[in-house]
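Below is one structure, written out as structure tokens, with a few remarks after it.
The values are calculated or read from the model by the stated rules, or taken from the named source; none is laboratory data. Since the structure is predicted, the reported quantities are computational estimates derived from the model, not experimental observations. All Cβ positions, glycine included, derive from the backbone under ideal geometry; neighbour counts span all protein chains shown.
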Amino acid sequence: MSHVERKGLTLVAVLVAAVTIAPAQALQGQGSDYRLVEGWPQLPDGVEAWGQTIGVEIDGDGNLWVFHRCFSTSCDRGRENVTPVLKFDPSGRLVDSWGEGMFIWPHGFFLDDDGNVWVTDARGANGKGHQVMKFTSDGRHLMTLGTAGVAGSGRDTFDGPADVAVAPNGDIFVVDGHGNNRVVKFSKDGEFIMEWGGAGTGPGQFNEPHCLAFDSRGRLFVGDRVNERIQVFDQNGRFISEWRGIMASGMYITDDDVLYVADYQLREGIVIVDASDFTEIGFIDDAMPEGVTVDRMGNVYAGEVLSTDLKKFVRN
């Protein structure tokens, strides 16, 4: 699981000669490379079906962590007693859950190299939301970024923070994309370092940036969803390249730089590419995910929002 860093002021100018990578063509028949595992995992007692499931992550022991909207469309409006953070062992057995009453609209989800759990709450109500939070694996609160229930574009406010990722040195990156079009960088202690972005279609500009991932070289991939592209930056916010023709809602990059992209809007599946040049190497068509992750065995997990499901795919 690879992650990164960045620095400075707002990015205004960008290298004109930055590389643009053409969209990869869809491979035909790649859905047959993977098989859906029916009935996985075990739902909590009393729950018959998934609600909106957005965040999925694998920890170092192979457990699947899920961040979901309280088996509904949000954790507000009478759903406060439902735990939105779930932990499943590799067999699909629920082994832990926590987070009841803490969030309005669960969104971004990330496990750092120390096993800490990072989440974003992308709506605000009743003095909660529009924040990024850090927890231990057993749910003890460690840090909060943003002002509870307040939407803004300052150093201590967010408006719909969509995702969070942490670099190996501890620097924290937030894609503030459901209300603002920016990436914000903080130190490991939560001190503001820089931001970049702004609305637009040029290099370093965004239209609903939605997800983050780091490759093995420390480059930051940003899913610029409505602009139908993924932009790649260095750790200081300098534009490097882009891949067009993809609406990334979620991303996961393996240690050997295979990029899995959850695109339920344009490509309608999970697109699998080489992160170094976006050469397409696979596709899973039986999924409409916003969240995606991969375990050590190459099994793929998809969190679905519109179709409200959690899916596991194994290689044939």
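What residue, of ASP171, ASP163, ASP156, is more than 20 Å from MET251 (Cβ to Cβ), at pLDDT 95 or above and of a type in the set (Asp, Glu)? Walk me through it before giving the result.
On the way: ASP171 fails: more than 20 Å from MET251 (Cβ to Cβ); ASP163 fails: more than 20 Å from MET251 (Cβ to Cβ).
Going through ASP171, ASP163, ASP156 in turn, the sole match is ASP156.
May I ask you to list pairs of residues, at least six apart or on different chains, whose Cβ atoms are under 8 Å apart, with the first in the stretch 139-160 being closer than 15 Å to ASN181 by Cβ and without any contact (Cβ under 8 Å) to a residue 60 or more places away in the chain and the second being loosely packed, with under 15 Cβ neighbours inside 10 Å and not hydrophobic (A, V, I, L, M, F, W, C)?
Sorted first by the residue in the stretch 139-160, then by its partner, the pairs are ASP159/SER153.
Filter the stretch 113-170 for residues that are surrounded by fewer than 18 Cβ atoms within 10 Å (Cβ to Cβ) and among the basic types (Lys, Arg); which is farthest from ASN63 (Cα to Cα)?
Step by step, filter the stretch 113-170, then rank; the result is ARG155.
Residues of the stretch 35-56 being surrounded by 12 or more Cβ atoms within 10 Å (Cβ to Cβ) and among the small types (Gly, Ala, Ser), which ones?
Across the stretch 35-56, the qualifying residues are GLY51, GLY55.
Go through (1) closer than 27 Å to PHE221 by Cα; (2) modelled with pLDDT of 95 or more and name the single condition ASP96 misses.
(1)
Test PHE221 against the criterion of being surrounded by 21 or more Cβ atoms within 10 Å (Cβ to Cβ), of a type outside the set (S, T, N, Q) and part of a loop (DSSP other than H, G, I, E, B), and give yes or no. Working first, answer last.
On the way: surrounded by 21 or more Cβ atoms within 10 Å (Cβ to Cβ): yes; of a type outside the set (S, T, N, Q): yes; part of a loop (DSSP other than H, G, I, E, B): no.
Spelling it out, it is not the case that PHE221 is surrounded by 21 or more Cβ atoms within 10 Å (Cβ to Cβ), of a type outside the set (S, T, N, Q) and part of a loop (DSSP other than H, G, I, E, B).
Can you report the number of residues in the stretch 164-173 which are free of Cβ contacts under 8 Å to residues at least 60 places away in the same chain and part of a strand (DSSP E or B)? Walk me through it before giving the result.
Filtering the stretch 164-173 down to residues free of Cβ contacts under 8 Å to residues at least 60 places away in the same chain leaves 164, 170, 172.
From the residues that got through so far, the ones that are part of a strand (DSSP E or B) too are 164, 172.
Adding up the residues that qualify gives 2.
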